[in-house]
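Notes follow the structure.
The values are calculated or read from the model by the stated rules, or taken from the named source; none is laboratory data. These numbers come from a predicted model, not from an experiment. Heads up, the Cβs are rebuilt from the backbone with ideal geometry, glycines too, and the neighbour counts pull from every protein chain shown. For accessibility, only protein heavy atoms count, side chains too; no ligands or nucleic acids. Shrake-Rupley method; radii C 1.70, N 1.55, O 1.52, S 1.80 Å.
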Amino acid sequence: AYVQDKASVLDFSQGALRATGNPLDIAIDGEGFFTVRTPEGIRYTRVGQLQLDKNGTLITSQGYSVLGNGSPINISIESGPINIARDGTITTDRARQGEQLAVVGKIDLSNFSDLHLLNPEKDGLFNTDQPSRPANGQIAQGMLEDSNVQPILEMTELINVTRNYQSIQRFIDAEHERQRRAIGSITSNA
């Protein structure tokens, strides 16, 4: 029996959340993807390193508009501190203009019935033909999601695979030598 490479599968399990202190860094705690608009159309991502462009539009670090209710989210730069609630509602403090809180928008979180049908693209984006559905994840402001890969465990697994490969190679070499001696013994006795 030989090993057959049938497919590659992406691991969509959540990575550890790391505090950054930046109010425009957001992470998804649980399932879901941010919905963004790119020149190629609607895409999905878990990368939450956001910023405001010169027009006050909330964008990703690659310049893609983050969507809320299907439209780009615009925040006036003079609105004061930006607060993002766990459900994705964005508010600003407009106390100096007589208002307590101003709701600016709500970040769209999408999920899909089959994550393995998401097609990876550049910049941490995913594309799919599946219809999206609302996600149950919550947003953590001032946090970023790290990779879900644990390097120490992966290195340990790589060492184990290498040792197993070497062990099998030694067995094959020993069997080859045994067969060579057996054939030599038969031909010398003949």
When every residue in the range 93-116 that is closer than 24 Å to Gly21 by Cβ and at pLDDT 85 or above is compared, the one surrounded by the most Cβ atoms within 10 Å (Cβ to Cβ) is Ile107
**OP:** Would you check if Arg163 is over 30 Å from Ser8 (Cβ atoms), surrounded by 10 or more Cβ atoms within 10 Å (Cβ to Cβ) and out of contact with any strand residue (DSSP E or B) (no Cβ under 7 Å at 6 or more places or on another chain)?
**Re:** no
Of the listed residues (Asn127, Asn148, Asn189, Asn83), the one being at pLDDT below 90 and open to solvent by less than 70 Å² (accessible area, probe 1.4 Å) is Asn148
When every residue in the range 1-39 that is among the β-branched types (Val, Ile, Thr) and loosely packed, with under 15 Cβ neighbours inside 10 Å is compared, the one modelled with the lowest pLDDT is Val3
From the option list Leu67, Leu58, single residue qualifying as in contact with a strand residue (DSSP E or B) (Cβ under 7 Å, 6 or more places away or on another chain), over 20 Å from Phe112 (Cα atoms) and either assigned to a strand (DSSP E or B) or modelled with pLDDT under 90 (or both) is Leu58
* Is one or more of the residues making up the range 147-169 at negative phi and touching a Lys or Arg at 6+ places or on another chain (Cβ under 7 Å)? -> no
Of those in the range 40-77 that are surrounded by 15 or more Cβ atoms within 10 Å (Cβ to Cβ) and among the charged types (D, E, K, R), the residue nearest to Asp25 (Cα to Cα) is Arg46
Only one of (1) free of Cβ contacts under 8 Å to residues at least 24 places away in the same chain; (2) surrounded by 11 or more Cβ atoms within 10 Å (Cβ to Cβ) does not apply to Ala140, and that is (1)
